[in-house]
Amino acid sequence: MKIAIITLALAAPGAAGAQQEWSLDRCVSYAIEHATEVGRERIEQKQALTEYRTSLLDFLPSVSAQVSGQYNWGRNIDPETNTYNNVTTFNNGYQISASLPVVDWGHTWNAFRKARITKNTAATALQKAKDDKAIDVMQKFVDAVYAIKSIELTDRKLADSKALLAKTRRLYELGEKSRPDVVQMESQVAEDDYNLLHQKNLARTALIALKTAMNYPAADSLSPDCSMAALTSQMPSSLMVDSMTLSGKPDIIMAEANVEKARLEWKIRRADLLPLGAGVSTNYYINLSQRQDRLPFRSQFSNNLGEYVYLTLSIPIFSPSTWSSVKRAKADYQLAMLDAQDARRKLNDAALQAVTDYEGYQKEVRQMEKKVAADSLAYRLSYRKYEEGMLSTFDIHEAAQTYLESSITLLQLRMLLAIRQKLVRYYINNEPLWTLN
């Protein structure tokens with residue numbers, strides 16, 4: 001009995017947590033933690049660090065070693081006398097060489113600068129992936145909340161229609177309403193019942209879309225926090241769009257980094273290589289047919305030691321592929337500059353549009369709240385008139401439908417305003433979108 005009580009006590013907090021409502025910030029945090037796009041950017045960040053370290057090592061000489069063994073029989077050349085003989089020999093060679101680019105026209109240096117830019121912007125790319133995921137989850141969250149709260153409005157409309165149908169049937173029994181009035185109200189109830197069912201299907205679809213955006217298990221339950229307090233946020237004192245603030249956004253940073261990387265790639269493609277190499281080699285030789293007068297391995301390793309230095313100059317006199325790669329790199333650089341200009345313009349337009357929408361939705365919400373209050377009063381008065389036999393079923397249907405439509409429109413405007421609040425804070429404040437509360 002004690003074990004059962006303890007087990008239930010431990011399981012109770014887990015069951016309560018499973019039913020706990022998910023706020024917008026919690027959904028965004030979960031999505032960022034489990035998003036494959038964010039995980040991919042984390043791997044890319046590690047890869048960028050590896051490439052940066054490799055570019056640092058390219059400044060050091062490249063060293064290679066070689067060991068060879070040769071077993072000869074029949075007619076061959078004696079490496080000691082450089083004459084032909086017909087004896088069995090074994091030749092063992094050792095070689096180590098180093099190559100250092102002395103003049104490569106900035107190839108290694110520009111490759112290092114490009115790798116450094118990639119490493120420095122890897123964190124920005126990760127931030128951009130988080131921001132993109134946050135925007136996607138925010139939109140899906142608002143859609144789900146809108147669909148769920150619309151169920152409450154349609155359910156309330158269905159309850160009113162059922163109550164009105166019961167009232168109409170009672171008035172019909174008393175002879176104050178006709179049979180067509182009852183049929184009309186039954187049709188209204190059937191329509192509201194269908195609208196409720198349809199809205200529930202939309203809510204399930206919106207909830208599945210939210211789970212997909214969050215990478216949340218589809219079979220597990222998820223209950224979004226539908227309160228408006230979970231969507232509203234504190235707004236900045238000033239809604240002016242600052243170009244300096246926008247310059248610190250991931251879109252602009254990544255675009256400018258792509259321009260610089262394309263420029264360095266163009267310079268790399270134009271570079272010619274002038275490597276300087278140095279090396280040392282030795283070998284060990286024995287005549288297997290003569291077992292006397294064999295020099296030991298240590299003596300031959302020292303006596304046969306030789307050093308060399310080589311210098312190569314590579315000039316592409318006719319190399320169409322090299323010329324094509326240079327032209328392609330130049331074109332990529334020009335396209336990157338156009339993309340950067342386009343990114344600045346789009347981000348500035350998006351910021352201005354978000355501020356404009358926010359101010360516009362604020363006014364529309366205030367005006368729609370007045371309309372909803374007026375439509376609610378008109379519907380209640382029409383309801384009383386219908387009960388007193390002073391209004392037809394068609395008129396009461398129109399009043400109820402108008403009230404429902406204005407309520408749904410107000411809900412939609414509030415959802416749109418909540419999204420614009422988050423976006424305005426993102427554009428005005430110099431902070432990532434996924435850190436906003």
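Some observations on this one:
- With kT/(6 pi eta Rh) evaluated at 20 °C and eta = 1.002 mPa s, and Rh the Kirkwood radius from Cα pairs, the stretch 20-160 diffuses with a coefficient of 97 µm²/s according to Stokes-Einstein.
- Applying 1/(1 + (r/R0)^6) with R0 = 56 Å to the Cβ-Cβ distance of THR356 and PHE394 gives a FRET efficiency near 0.85.
- Close amide-amide hydrogen proximity is noted between SER23 and ASP225, each under 5 Å apart and 5 or more residues distant or on a separate chain (H modeled in the peptide plane; Pro and chain starts excluded).
- Taken per residue, the accessible surface of the stretch 95-219 reaches 51 Å², heavy atoms only and a 1.4 Å probe.
- Highest mean packing comes first when the peptides 404-414, 66-76 are listed by Cβ atoms within 10 Å, giving 404-414, 66-76.
- Eigenvalues of the alpha-carbon gyration tensor of the stretch 156-218, scaled by 5 and square-rooted, set the equivalent ellipsoid semi-axes at 40, 9, 5 angstrom, largest first.
- Extending 7 Å from the Cα toward the beta-carbon at both ASN348 and ASN86 defines two label points whose distance is 9.1 nm.
- For the stretch 367-410, the Rg and Dmax computed from alpha carbons only, in angstrom: 10.6, 33
The values are calculated or read from the model by the stated rules, or taken from the named source; none is laboratory data. Predicted model, so just to flag it, every value in this text is computed and none were measured. Every residue, glycine as well, gets a Cβ built from its backbone with ideal geometry; the counts of neighbours run over all protein chains shown. The area values use the complete protein model at the heavy-atom level, side chains included, leaving out ligands, DNA and RNA. Shrake-Rupley method; radii C 1.70, N 1.55, O 1.52, S 1.80 Å.
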